[in-house]
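What follows is a short report on a single structure.
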Amino acid sequence: IHPDREWMTDFMAGVEERDLRVDFINVHSYGGPDANGLINRLRRVHEMFGRPLWITELGVGDWIAQTVEENVHTPEAVWDFLNDVLPRLDNLEFLEYYAWFPAWPDSPPPLTVQSTSYWAWRSSTSKAWLMIICKVGRAK
């Protein structure tokens, strides 16, 4: 979901005209392992609409690759991305939730370094969801 595109601007204009309520803006992100780019995009979306954000799907995607083997993003690059971006997401005041949501060719998903890392992070953070299934309570 690209809330920074015209369709969302039009939708939100209709919301305002009709005095409707929108509690948060949903974001999906399957870009490359660029933490700065993601954070900047989230800031732009928040500034556009002035509402909290939820990232309901977050993953690193290679939209050109036709097979897993062709993927240009190595597991190490994804690992580095996760280690960089997760604490930064938790520090964004306007971001309420996020969920690591990788694509996989097999079902069930294979246990990977990334999913293991996310699971460990999820158990220690207040904003992470695992596959959008459960909300994690705020750590005190």
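Report, by residue number, each residue of region 37-63 that is out of contact with any helix residue (DSSP H, G or I) (no Cβ under 9 Å at 6 or more places or on another chain), modelled with pLDDT of 90 or more and loosely packed, with under 15 Cβ neighbours inside 10 Å. 37, 40, 43, 44, 47, 50, listed by residue number. Across region 64-82, the qualifying residues are those that are among the β-branched types (Val, Ile, Thr) and closer than 23 Å to residue 27 by Cα, and the one among them that is surrounded by the fewest Cβ atoms within 10 Å (Cβ to Cβ) is 64. The set of residues in region 21-36 that are farther than 19 Å from residue 11 by Cβ and open to solvent by 30 Å² or more (accessible area, probe 1.4 Å) comprises 30, 31, 32, 33, 34, 36.
The values are calculated or read from the model by the stated rules, or taken from the named source; none is laboratory data. Quick caveat, the model's predicted, so the values are computed rather than measured. Note that we place each Cβ from the backbone using ideal geometry, even for glycine, and neighbour counts take in every protein chain shown. Only protein heavy atoms, including side chains, enter the accessible area calculation; ligands, DNA and RNA are left aside. Shrake-Rupley method; radii C 1.70, N 1.55, O 1.52, S 1.80 Å.
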